[in-house]
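J.: One structure, as structure tokens, below. Some questions next.
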Amino acid sequence: MAISHAFFRLSGSFVLTLMVGLASTAAVAHCDTLDGPVATVARKALAENDVKWVLPWVQKEDEEVVRRTFNQAIEFREKEPEVQQLAETHFLETLVRLHREAEGAPYTGLKPAGTDFGPAVPAADKALQTADIEPVIELLVKKVEKGVRARFTEIMDKKEAYTPDDIRAGREYVDEYVTYIHYIEQIHDASKQPVSGHFPESE
């Protein structure tokens, strides 16, 4: 019994929602790495001496703290290299911590560059750089198709082994059926969910 490939042609909205719903841990976590988006924009702000680059990454009520630590980092550029590094690190840690708090996520320190969060998040970031979402769609289509096919194969095996006289086999079939249906249902529900930001703008 074949599954039509057309079933797996996901819309752009579904792609983004699926990334949030199925890979939310990675999507949130990569913001606290030294090569993540927050650290990258922080270095850009320091290089150009312009704090406005980082302000969109925090809530409005946190702007004052960010501006203060940014100004300290700029001021201490004239100090010894060790002092300069400490000031810049303090700015980065403050920025990442406040951004994480706005997402409702804990801050557990800066993670090293190159931390592996799987393929989805790097692919999503690269798509923004190249203005090409197709590799992300292809990645997710393959992931979803693999999951659906695997669960379909498992339940068909249980179905073929199931007879009314074998209650144990029947229960194994029911367990596999529930897993299969819920998996399909979660994917379908994700495709209908609206995509929104991680925190509202304060008045």
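J.: Look at LYS143 and say whether it is modelled with pLDDT of 90 or more, surrounded by 14 or more Cβ atoms within 10 Å (Cβ to Cβ) and of a type in the set (Lys, Arg). Write out each step before concluding.
T.: On the way: modelled with pLDDT of 90 or more: yes; surrounded by 14 or more Cβ atoms within 10 Å (Cβ to Cβ): yes; of a type in the set (Lys, Arg): yes.
Yes.
J.: With the structure loaded, tell me whether LYS158 is exposed (fewer than 13 other Cβ atoms within 10 Å of the Cβ) and either touching a His at 6+ places or on another chain (Cβ under 6 Å) or outside the structural domain of ARG43 (by TED's automatic domain parsing) (or both) or whether it fails that test. Steps first, please.
T.: Working: exposed (fewer than 13 other Cβ atoms within 10 Å of the Cβ): no; either touching a His at 6+ places or on another chain (Cβ under 6 Å) or outside the structural domain of ARG43 (by TED's automatic domain parsing) (or both): yes.
For LYS158, the condition - exposed (fewer than 13 other Cβ atoms within 10 Å of the Cβ) and either touching a His at 6+ places or on another chain (Cβ under 6 Å) or outside the structural domain of ARG43 (by TED's automatic domain parsing) (or both) - is not met.
J.: Can you tell me how many residues within the range 118-140 are closer than 18 Å to THR33 by Cβ and either touching a residue at least 24 places away in the same chain (Cβ under 8 Å) or of a type outside the set (Gly, Ala, Ser) (or both)?
T.: Residues meeting the conditions: 10.
J.: Among residues belonging to the range 89-138 that are within 13 Å of HIS30 (Cα to Cα) and acidic (Asp, Glu), point out the one that is modelled with the highest pLDDT.
T.: We begin by selecting, within the range 89-138, every residue within 13 Å of HIS30 (Cα to Cα); these are 96-97, 99-100, 103, 105-125.
Okay, now just the ones that are also acidic (Asp, Glu), so 103, 116, 125.
Details: GLU103: 83, ASP116: 82, ASP125: 89.
Here the answer is ASP125.
J.: Follow-up. Suppose we keep only residues that are among the small types (Gly, Ala, Ser) and part of a helix (DSSP H, G or I) within the range 58-108. Which one would you say is surrounded by the fewest Cβ atoms within 10 Å (Cβ to Cβ)?
T.: So the residue we want is ALA102.
J.: Scan the range 71-88 and tell me whether some residue there is modelled with pLDDT under 90 and within 23 Å of ILE137 (Cβ to Cβ).
T.: So far as the range 71-88 goes, no, none of its residues is modelled with pLDDT under 90 and within 23 Å of ILE137 (Cβ to Cβ).
J.: Among (1) at pLDDT 95 or above; (2) in contact with a Ser or Thr (Cβ under 8 Å, 6 or more places away or on another chain), which single condition is ALA45 missing?
T.: Single failed check for ALA45: (2).
The values are calculated or read from the model by the stated rules, or taken from the named source; none is laboratory data. Because the structure is a prediction, the values reported are computed rather than measured. Virtual Cβ from ideal backbone geometry, glycine too; neighbours counted across all protein chains shown.
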